[in-house]
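Working notes, structure below.
The values are calculated or read from the model by the stated rules, or taken from the named source; none is laboratory data. Owing to the predicted nature of the structure, the values given are computational and were not obtained by experimental measurement. Positions of Cβ are generated from backbone atoms using ideal geometry, with glycine treated the same way; all protein chains shown enter the neighbour counts.
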Amino acid sequence: MKAKQILTRQALHNLFEKVQGGSFAVEYKNGDSQHYGREDPQFKIRFNDDNIVDLASGDMLMSFGDAYVDGRVDVVGDLAELMSLAIRSGLISAIHGPSGINAASRAFGKLRSLKREKKNIAHHYDLGNDFFKLWLDESLTYSCAYFRNASDTLEQAQEQKVDHSLKKLRLKPDETLLDIGCGWGGLVMRAAEHYGSLATGITLSEEQSVGANESIAKRGLQDKVDVRVMDYGTLSEEGRQFDKIVSIGMIEHVGKENLGEFVSNVKKMLKPGGLALLHLITAVKEGRINGWVERNIFPGGYLPTLPEIVSHLSARDFHIWDVENLAPHYRLTLDQWSNRFERVVSSVAEKFDEEFVRMWRLYLRVSSAAFRVGEVEVHQILVSRGQPDDLPLTREDIYKEQKQC
C-alpha cells in the first residue's frame, strides 16, 4: 500500500472514531474493511476510489457530497442514518458558517435583484414539471405535509396541510386570498373549490405557472383562481390588498438581507384586520445553508431562525397569534418523498443522468437527517395587521370537519 493511501486511511480512521451514538462499517477499494461502534452496522460506507483524502478535512458535506455524486463513495443502507450520525458528531451540518455575511454579499443583498432571484428559482423549480410529477403527490405540493397519523399517504397528508393552513386563516367564501410562492397552485385551487375564496397565486417559476394554469383550466376555475409569474414586490407596488395572505415554503428563498422588505410587503398587501400565515423552514442556530446544498440545490437560499423572523414581524407591528412547530411532519414528508423518488430513479436517470439521481438522493436524505437531529425545524406563524376581525377564542375550529362550499 502506498504511503499516501496509508496516511489517508489513518486520517479517515481518526475521523470515524469521533462518531458517537451509532455503528457502521467501512470498506475500501481493495476490499479491506473496518467496523466502528459496538452494535451491528446501521450502514456501510464503501470507497470505490483511493482518491479520498479530501473527505477528512474542510467542509465535509461538500467533499462527501461531491465524492458521492461522482461515484467515488457509495453507501449501503440509508444515507439519512449516515448524515444523522455525522451531524450529531459535529462532522457536518446542513447549516454552517458565521451568522454574518461578508461585506460584498451584504452590499448586493441590499440591492435586491429580481433577475438573480428568478435565476435561483429556475435552478430548482424549472427542472421540469415532468420531473416533479414523477415523485410528488398528485397536487404537486412541494412543502411540508401534515400527518394526522404516520401511516397517512402523502396525498392525504398534503391535503391535510392545505386544509390546516386555510383553517388557520379562517377563510370565508368570497374573501380574497394571496398565495406568495404558490407552486403548482394546489392551495389556491383548493381555497376556491372548498372554501369559496377568490384566490391569486404568484410564483417566479415559469414551469410552475404553466402547470398551475393548465390545472386551473381543467377544473374550470378561471373565474376564481389566478396564477401568474410575478414578484411579490411588483404586486405590492400595484397597491392591491387581500383579506388573507399565505406563504408556504417561499421565505427560504428571500435571503437574509431581504426578510424585512418581504414582511413590509406582506403588511402593505394585507387589509387592516386581515390574517397572514407564514410557513417556513427555520434554523435552530443562525447561519448560512451548507455550501453543497446551496451550490447544487438551493442557490441563494437562507433559513432564518424563529426569533429572527419574529423580530421582523414585531418591528412592523404585526400581531402574532399562533406559532406551531411542524418539524416531525417534515421528516415524514421527506422520507415519503425519498421512497417515491427511489421508485422512479430509472426515469429520473433517463431524463437527466446518474449523477443527478445521486445528487437529489443525497439532498433528500441529508434534509431528513437535519430534521431528525433537530438542526432545522419548520414553523407556521399566524399574524394579523392590526386587530383581527373575527379570530375565535380557541383553536377548536381548526380541527373540525370542513363544510364543503
note = ILE248 meets each of (1) touching a strand residue (DSSP E or B) at 6+ places or on another chain (Cβ under 7 Å); (2) closer than 27 Å to ASP59 by Cα; (3) modelled with pLDDT of 95 or more with one exception, condition (2)
ask   = Only one of (1) closer than 21 Å to ARG361 by Cα; (2) modelled with pLDDT under 95; (3) over 26 Å from the mean Cα position of the chain (by Cα) is not met by ILE45, so which one is it?
value = (2)
inquiry  = For the range 335-355, check the following and say yes or no: at least one residue is under 22 Å from PRO307 (Cα atoms), aromatic (Phe, Trp, Tyr) and surrounded by fewer than 20 Cβ atoms within 10 Å (Cβ to Cβ).
reply    = no
task = Please give the number of the condition ARG148 fails out of (1) in contact (Cβ under 8 Å) with a residue 24 or more places away in the chain; (2) over 19 Å from the mean Cα position of the chain (by Cα).
result = (1)
remark   = Over the range 305-323, the set of residues exposed (fewer than 15 other Cβ atoms within 10 Å of the Cβ), over 12 Å from VAL383 (Cα atoms) and touching a residue at least 24 places away in the same chain (Cβ under 8 Å) is ALA315
query = Residue check, ASN296 against (1) under 21 Å from the mean Cα position of the chain (by Cα); (2) at pLDDT 95 or above; (3) buried (at least 18 other Cβ atoms within 10 Å of the Cβ), all met but one. Which one?
reply = (2)
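Please go through the range 148-159 and give me each residue that is touching a Ser or Thr at 6+ places or on another chain (Cβ under 8 Å) and either buried (at least 19 other Cβ atoms within 10 Å of the Cβ) or not in a helix (DSSP H, G or I) (or both), ordered by number.
LEU154, ALA157, GLN158, GLU159
Scan the range 299-332 residue by residue and report those that are among the polar types (S, T, N, Q) and either closer than 26 Å to ASP397 by Cα or over 16 Å from the mean Cα position of the chain (by Cα) (or both).
Selection gives SER311, SER314, ASN325.
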